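Data block below; observations after.
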Amino acid sequence: MTMGGRVAVIGLDCASPDLIFHTWRDDLPTFRRLMTCGRYGRLRSSDPPITIPAWSCMVTGKDPGQLGVYGFRNRKDYSYDDLVIADSTWIREPTLWRVLSRRRLRSIVIGVPQTYPPHPLRGILVSGMLAPNERVQFTYPPEARETLHEATGGYIIDVRDFRTDDKSALLSQIKEMTRRRFRAARHFLTREDWDFFMAVDMGPDRISHGFWKYFDPRHPKYEPDNPYQDAVRDYYRLLDQELGSVWELLDPQDTLIVVSDHGARPMMGGFCVNEWLRRRRYLRLRHEPASPVRLTRDMIDWSNTAVWSEGGYYARLYFNIRGREPEGIVEPDDLGRLGADLTAELTELQGPHGALLGNRVLDPREIYREVNRVAPDLMLYPGDLSWRSVGSVGTGDIYTFDNDTGPDDANHDYHGIFMMFDPAGDAPTGEMADMNILDVAPTVLRRLCGDVPEDMRGTVIE
């Protein structure tokens, strides 16, 4: 039995606090009611503020270094092999539902990223967006898959390709995915016993990356009076309606929490990190590429390379260290100097118009409680997350305004949302500050169990 009522968490990947709390507040009655009747505020994401590892940080109360997960793709060892996707087998710290299962509480978990392949729990789990398609076994127990498809008219794990120029088809896919995700939520909420419920929708992330330039005048590619001017606002209205349909199904004593793993902001351009490393002679290639191409390991002259990088919403810089990498050339005694030189050069880098780009450089060994598996040697947020890291080489410049992995309008922002309706009559209401993604797990456990594991990070949000 729980300490009081149940706890339901609705996760909205990449949902923006600025859009919900301010810009479109008057268009979103359900969110506005939550703000009036409950507590809300910006939720500081993990570093890096990326879907994986952010959701796993949220449900374990551990930082990326403790989890040993630094993005979707990670080095599995110190070889020069390609990066591998960090699936659920990488998460060795207990998740919320694992802790609750041990305490004989029942959980229903739908769509949380980094839960594929599914692991047993006391309850039902529907894997998130790493599941390759709807035909594989992505639920626990296995028979829940057929129930899910029947209840939703065909469950959608994720849109097929959010980096596409076919915006009409993409918008239709995103909306239909969200409708079916909430249809699944309503089905299990009303037909299964549960103490903890959590469902995550990827729609806000996909529409941010696909449509941000159409509504935000700050975006360098914004054009007034375009055909998708209202696409993102209308989608947030759909989210508001779907959230309301879930809230009305909860019992009066249940706690409702609405969260996002990070926010979004307009992408101002791309910083070609490997091209920059080449110009600074940190990275050498065997042959000059004739056109822009993805950097692969066989292209690198390892005997003359000190640093290489991976692109993405942030850049991971790796040092080619003697005795660690197969053909390392950087002496271990020189690591401090190399890190300091790179940090200074990147911090002082000017953008394409002459002003400082505003880069932020992080050392995993300084920002995490511990560092497990193979962490980047440095992490770079180009333009402090206003710019994307482009990993391709042969681009001809260190700046670009076209993404090398397909059309993408938005970068990730540091802050997501946290909103909580506590049914207690004397519960405080209003805006809160200084909340962290690591606070969510202890907050849920305090309400359900009364106590929180000692090794779980974060502070209970009262």
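The values are calculated or read from the model by the stated rules, or taken from the named source; none is laboratory data. Since we're looking at a predicted model, the values are computed, not measured. Neighbour counts are summed over all protein chains in view; Cβ atoms, including those assigned to glycine, are modelled from backbone coordinates with ideal geometry. For accessibility, only protein heavy atoms count, side chains too; no ligands or nucleic acids. Shrake-Rupley method; radii C 1.70, N 1.55, O 1.52, S 1.80 Å.
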Completion exercise
Interchain or sequence-distant (5+) residues whose placed amide H lies within less than 5 Å of the amide H of residue 264 are 413
Completion exercise
The set of residues whose placed amide H lies less than 5 Å from the amide H of residue 461, leaving out same-chain residues fewer than 5 positions away, is 443
Exercise for the section: Evaluate the Debye formula for region 81-132 with equal point scatterers sitting on the alpha carbons, no solvent, and hand back log10 of I(q)/I(0) at q = 0.22 Å⁻¹, in q order, two decimals. Expected result: -0.79
Fill in the blank from the handout: Taking the chain and counting helices only, DSSP H stretches of n ≥ 4 at -39,500 (n - 2.57) each over all residues, the nearest-500 ellipticity at 222 nm comes to -8000 deg cm²/dmol
Exercise for the section: Quote to one decimal, in nm, the extra length available between residue 322 and residue 161 on full extension: 0.36 nm per residue of separation minus the C-alpha distance between them. Expected result: 53.9 nm
Fill in the blank from the handout: HN-Hα couplings for region 17-30 via Karplus (6.51, -1.76, 1.60; θ = phi - 60°), in whole Hz with x for Gly/Pro, come out as x, 5, 5, 7, 7, 10, 4, 10, 3, 5, 8, 10, x, 5
Exercise for the section: Inverting the mean 1/r over all pairs of different Cα atoms, compute the Kirkwood radius of region 1-150 and quote it in Å. Expected result: 17.4 Å
Exercise for the section: Using the Karplus curve 6.51 cos²θ - 1.76 cosθ + 1.60 with θ = phi - 60°, work out ³J(HN,Hα) for each residue of region 186-195 in order, rounded to whole Hz, and write x for Gly and Pro. Expected result: 5, 4, 6, 4, 9, 10, 10, 7, 7, 10
Completion exercise
Cross-link reach from residue 213 to lysines, straight Cα distance under 21 Å and at least 8 residues apart if same chain, gives 167, 175, 221
Completion exercise
So the carbon and sulfur contribution to the accessible area of the chain, 1.4 Å probe, in percent, is 45 percent
Completion exercise
Heavy-atom accessible area with a 1.4 angstrom probe orders 22, 353, most exposed first, as 353, 22
Handout entry: Average accessible area per residue (Å²) across region 36-144 - probe 1.4 Å, nucleic acids and ligands excluded
Key = 35 Å²
Practice task
Determine ³J(HN,Hα), in whole Hz, for all residues of region 200-216 in sequence, where each value follows from phi through the Karplus function 6.51 cos²θ - 1.76 cosθ + 1.60 and θ = phi - 60°; x replaces Gly and Pro.
Solution key: 10, 10, 7, x, x, 5, 5, 6, 5, 5, x, 9, 4, 5, 7, 10, 9
Handout entry: Dimensions (Å) - the chain, Cα atoms, principal axes, largest first
Key = 64, 52, 43
Exercise for the section: Give me the distance in nm between label points sitting 7 Å out from Cα along the Cα-to-Cβ direction at residue 451 and residue 401, one decimal. Expected result: 6.0 nm
Fill in the blank from the handout: Over all viewing directions the Cα convex hull of region 258-318 casts an average projected area in nm² of 5.8 nm²
Exercise for the section: Classify region 263-411 as rounded, prolate or oblate from the Cα gyration tensor: take a ≥ b ≥ c as the square roots of its eigenvalues, call it rounded if a/c is under 1.5, otherwise prolate when a/b beats b/c and oblate if not. Expected result: oblate
Practice task
Extending each Cα 7 Å along its Cβ direction at residue 81 and residue 33, get the distance between those two points in nm, one decimal.
Solution key: 5.2 nm
Problem - Set of lysines with alpha-carbon distance to residue 62 below 29 Å, sequence-local pairs under 8 removed - result: 76
Completion exercise
Amide H neighbours of residue 269 at under 5 Å, excluding residues fewer than 5 places away on the same chain, with H built from the backbone geometry, are 388
Handout entry: Relative compactness, region 334-417, computed as alpha-carbon Rg over 2.2 N^0.38 Å
Key = 1.23
